[in-house]
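Following: one structure in structure tokens, then a few remarks.
The values are calculated or read from the model by the stated rules, or taken from the named source; none is laboratory data. This structure is a prediction, so every number in the text was calculated from the model and none was measured. Here the Cβ positions follow ideal geometry from the backbone for every residue, glycine too, while neighbour counts run over all protein chains shown.
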Amino acid sequence: MKKIEAFIRPTALDAVREALHETGIVGMSVSEIRGFGRQRGHREVYRGAEYRVDFVPKLKVEVVIPDVSVEDVVGAIIRGAKTGQIGDGKIFVSPVEEAIRIRTEETGDAAL
Amino acid sequence: MRRCCVLGVLVLTLFLSGAAEAQGAADPVNPGDTAFVLISAALVMFMTPGLALFYGGMVRSKNVMSTIMQSFILIGVVSVQWALWGYSLAFGPDKGGLIGGLEWIGLRGVGLDPNPDYAATVPHQAFMIYQAMFAVITPALITGAFAERIRFGGFLLFTVCWATLVYDVVAHWVWGTGGWLRQMGALDFAGGTVVHISSGVSALACAALIGRRRGYGHDQILPHNLTMTVLGAGILWFGWFGFNAGSALSSGRLATSAFVATNTAAAAAALAWMILDWLHKGKPTVLGAASGVVAGLVGITPAAGFVGPMSSIAVGAGASLVCYLAVEIKAKAGYDDSLDAFGIHGVGGTWGALATGLFASKLVNEAGNNGLFFGNPSQLGVQALGVLATAVYSFVVTFILFKIINPIAGMRVEPEDEVTGLDLTQHGERGYNEG
């Protein structure tokens, strides 16, 4: 099993959700986060006081999938989130040791 | 059922007032004027919750309730102070031009017959309650200076003392029968000096004495909800019609003229600040437009009943310009007048008082005077003296009050409480909870 964490633009969520749906993914988690990478922040002005805002709002999409689906899922996220501009985000793939469905106590791929 | 009752009362009121007229009784109370003054009082009352939202949006979310409370609770505190002794000190029988006597303490003798010295056609109590709303909002304006770091108990004690020793006294000088500035011919239609200069200059003293917020100039201290601030500015604009037009104390030509001047000045000021923002910082900010509205309303306050519509454009746009500069300079001066109580009310109020000395015209109001641009340069001098006297007195008394109260009540919260936020540490609640 693998965990896919994708940091994407908030505006890309619908496209990513649809693309993931097409791969047969049945569940995902989304959280609102702030951060910065190569896309730097921006300037805000409040009554003449200027602030540099480094952290820009992003979404983090997390899915845990069987090893065989990694290529499909990563491809789907890229399809949904890519604009070609700086700030599209990043995808991280990491191994997951175990998964357990609480209701049935199933484990492994069956719990996904 | 309730609606029926209200309707019944209305009909009865109309009938009774009609009956009084039919009898030809020489009742000096004019129902139209009285209705106007009472509604204006309600409009001015509504400005204080408006100010609470205006200020509340500009602080961080951990201080939103405390900032709102510092305005809101003053409707309670000052209304009671006003009834007990404030009105008597401000408007009671004159003592040497400096203060009103205690004869009207507890509103003794302030009844339902008009007091011709102040408003000949409305019940004395209508005038009193209208003035009460001014007394309420004035100390609320100061709270912008020490937002996000003042202890609630110290704040309450300070405010009661300030309302008594600064507001009531200055109100007497300018508006009280026999008050020395009034005798001298200083023009202040709706309280540019009494309300805005007194609170603005006191705000400067408070900001300097209480010190900057933790992290000021280093951390990002951002407004948490500017939609709230813009709504607040809208409510202030709405209420200000009661503040300025209502100051005519009669419903007619003068009130209309003041209403038009007020709206025109606020509108010109919104445009002026927006354009300054756009040219100087690159973007027309909404907070800037809202700030401009308030600056323009402050600026036109003393002039509202004395200037024509074209002059009011100049007064409003000029207010935005001077306040914009003041806010710019503040960032470099290093004191933390957090929400620009001085920058908008002190500076805008000073501009308004002086501009009244420039643009006032007897063609608009026979009871007023001409300003510099209408052939009477001496009026500008009188206005300047009014500004100076109010500013010096307010600053000095506020300074002394703060120095006395600080060791007793502790004006500033503990550093860890400031980090946690005043909502939790002073009031035991939060403005925003999940779920």
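Per the listing B:Ala295, B:Ala255, B:Ala261, B:Ala267, the residue uniquely away from chain A (no Cβ under 14 Å), out of contact with any Lys or Arg (no Cβ under 9 Å at 6 or more places or on another chain) and surrounded by 24 or more Cβ atoms within 10 Å (Cβ to Cβ) is B:Ala261.
Being within 14 Å of chain A (Cβ to nearest Cβ) and crowded, with 23+ Cβ neighbours inside 10 Å is a condition met by no residue of the range B:234-252. Filtering the range B:400-419 to residues that are exposed (fewer than 15 other Cβ atoms within 10 Å of the Cβ) and not acidic (Asp, Glu) leaves B:Ile400, B:Lys403, B:Ile404, B:Pro407, B:Ile408, B:Gly410, B:Pro415, B:Val419.
Inspection of the range B:198-215 finds a residue satisfying the criterion of being part of a loop (DSSP other than H, G, I, E, B), within 14 Å of chain A (Cβ to nearest Cβ) and at pLDDT below 95. Within the range B:307-339, restricting attention to residues that are within 14 Å of another protein chain (Cβ to nearest Cβ) and within 22 Å of B:Asn244 (Cα to Cα), the residue that is farthest from the chain's Cα centre (by Cα) is B:Leu321. Number of residues in the range A:15-71 that are charged (D, E, K, R), over 15 Å from the mean Cα position of the chain (by Cα) and either under 30 Å from B:Ser320 (Cα atoms) or surrounded by 14 or more Cβ atoms within 10 Å (Cβ to Cβ) (or both) equals 5. Where helices (runs of 4 or more DSSP H) sit wholly within the range B:361-435, those with at least 3 residues that are within 25 Å of the chain's Cα centre (by Cα) and over 30 Å from B:His224 (Cβ atoms) occupy B:378-409. Checking the stated criteria, B:Thr143 turns out to be more than 27 Å from B:Ala255 (Cβ to Cβ) and under 17 Å from the mean Cα position of the chain (by Cα). Summed over the range B:343-370, residues that are under 28 Å from B:Phe395 (Cα atoms) and of a type in the set (D, E, K, R) total 0.
For A:Val45, the test of being under 30 Å from B:Leu339 (Cβ atoms), modelled with pLDDT under 95, within 14 Å of chain B (Cβ to nearest Cβ) and touching a helix residue (DSSP H, G or I) at 6+ places or on another chain (Cβ under 7 Å) is passed.
Here's a check for you: in the range A:72-99, which residue that is under 11 Å from A:Ile8 (Cα atoms) and basic (Lys, Arg) is surrounded by the fewest Cβ atoms within 10 Å (Cβ to Cβ)? Among those that are under 11 Å from A:Ile8 (Cα atoms) and basic (Lys, Arg), it is A:Lys90. Out of the residues in the range A:48-69 that are β-branched (Val, Ile, Thr) and within 20 Å of A:Ala12 (Cβ to Cβ), which is nearest to the other protein chains (Cβ to nearest Cβ)? Among them, the one singled out is A:Val56. Of the strands (runs of 3 or more DSSP E) that lie entirely inside the range A:38-101, those containing 1 or more residues that are over 26 Å from B:Ser291 (Cβ atoms) span A:56-65, A:89-95. The number of residues in the range B:270-292 that are at the interface with another protein chain (Cβ under 9 Å from one of its Cβ atoms) and buried (at least 23 other Cβ atoms within 10 Å of the Cβ) comes to 3.
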